[in-house]
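Structure record follows, encoded as structure tokens.
Rule-based calculations on the coordinates, nothing more; no lab input. Every value quoted in this text rests on a predicted model; they were computed, and no experiment measured them. Here Cβ is always computed from backbone atoms with ideal geometry, including for glycine, and neighbour counts include all displayed protein chains.
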Amino acid sequence: MNRITNTLIAASAAFAALASDVSFAEAPPTHAQSYITTPDGVQLYYKDWGPKTGQVVTFSHGWPLNSDSWESQMLFLADKGYRVIAHDRRGHGRSSQPWEGNDMDHYADDLATVIKTLDLHDVTLVGFSTGGGEVARYIGRHGTERVKKAALISAVPPMMLKTHDYPGGLSIEVFDGLRKASLENRSQLYRDIASGPFFGFNRAGSKPSQGLVDSFWAQGMQAGHKNTYDSIAAFSATDFRPDLAKFDVPTLIVHGDDDQIVPIDASANTAAKLVKNAKLIVYPGAPHGLADTHKDRLNKDLLAFLQQQ
């Protein structure tokens, strides 16, 4: 036994001596390097696809989803030579689930952290639903120094909640109902939203896709319970009108006129009047989740918008 032990010790010493004289190649990137840390310690998962020299497009996702919800648009644009980047919002997907900070200011600051950490410039910001609020609040808080264009897709701005000075919004009972259903059985809530109004599968003549329903549910259940609960207030009660007033870059607004989640009159139609020189494209009969149900058209419209000088 002593002989074996002495042999192992001698071998270890020899290897250590050899290692001190050899310069090893840098280790390949690990999965952990797909994360960015925010100033308050939150780990944000992100995807960075396409050529690093391509024009940059960032994608901000909706509730309660994550960056996977943008995969059709990201794959399409990356194949066209664009560098496409999307992160999982704090509390969603593969990112950290902090107890605090589940609000639009933190969401916008997290997007700023991604942009600054990766040193991105001339970025086109694309936001869907809650992500549209994130884009608006980013411009409101951080300006457009690094921004070339913006696109709001089925987005929540100017505001979803009906108030005394915003009578076109939805009543507080709608969002209280979401909160109640989330506490009672959020798994069932996500299935009900996806199999019904989100994709318009509750409309006569629709062709429900179990795959889309399953994807929505899986992404929702990957998010934190507290985070998605707090986010209901963030996307519904935040007033983005001051943020939209600060838009000074070309802006595309896309919305379906049969959006049952974010009705078009209180969102896109009003936002288009508040953003200078915004271009509004309405998809007849399209539901809220048009990034999937109308992905081919949206891909083409995004590409045309990106190519405009």
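Beta bridges per DSSP, both residues in the range 138-289: antiparallel share near 10 percent.
For the chain, averaging the sequence separation of C-alpha pairs within contact (under 8 Å, six or more residues apart) and dividing by the residue count gives a relative contact order of 18 percent.
Highest mean packing first, where packing is the average number of other Cβ atoms within 10 Å per residue, the peptides 185-194, 146-155 line up as 146-155, 185-194.
Annotation: aspartates and glutamates with alpha-carbon distance below 19 angstrom to Lys52 (same-chain offsets under eight excluded): Glu71, Asp79, Asp119, Asp122. Taking each DSSP H run with n ≥ 4 as -39500 (n - 2.57) and averaging over every residue of the chain yields -13000 deg cm²/dmol at 222 nm. Residues within the reach of a label modelled at Glu184 (point 7 angstrom out along Cα to beta-carbon, backbone nitrogen below 17 Å), restricted to the range 214-241, are 229. Reported value for the chain: 185 Å³ per residue, from the convex hull of its C-alpha atoms. Dipole magnitude for the chain: computed about the Cα centre from +1 point charges on Lys and Arg Cβ and -1 point charges on Asp and Glu Cβ, it is near 420 debye. Computed from backbone phi, the HN-Hα couplings of the range 137-152 come to 5, 4, 5, x, 9, 10, x, 10, 4, 9, 10, 9, 8, 9, 9, 10 Hz, rounded to whole numbers (Karplus: 6.51 cos²θ - 1.76 cosθ + 1.60, θ = phi - 60°; Gly and Pro given as x).
Once backbone amide H atoms are built at 1.01 Å from N, Val147 has Asp122, Val123 as its partners under 5 Å, excluding neighbours fewer than 5 places away on the same chain. Scoring 249-257, 110-118, 164-172 by mean Cβ neighbours within 10 Å over their residues and listing the highest first yields 249-257, 110-118, 164-172. Of all DSSP bridge pairs formed entirely within the range 26-307, close to 25 percent run antiparallel. On the basis of the beta-carbon distance and an R0 of 30 Å, His121 and Ala237 show a calculated FRET efficiency of 0.35.
Computed extension length for Lys300-Lys279: 6.1 nm, one decimal, from 0.36 nm per residue of separation with the Cα-Cα distance subtracted.
Between Gln210 and Thr37, the FRET efficiency from the beta-carbon distance, with R0 = 45 Å, is close to 0.75.
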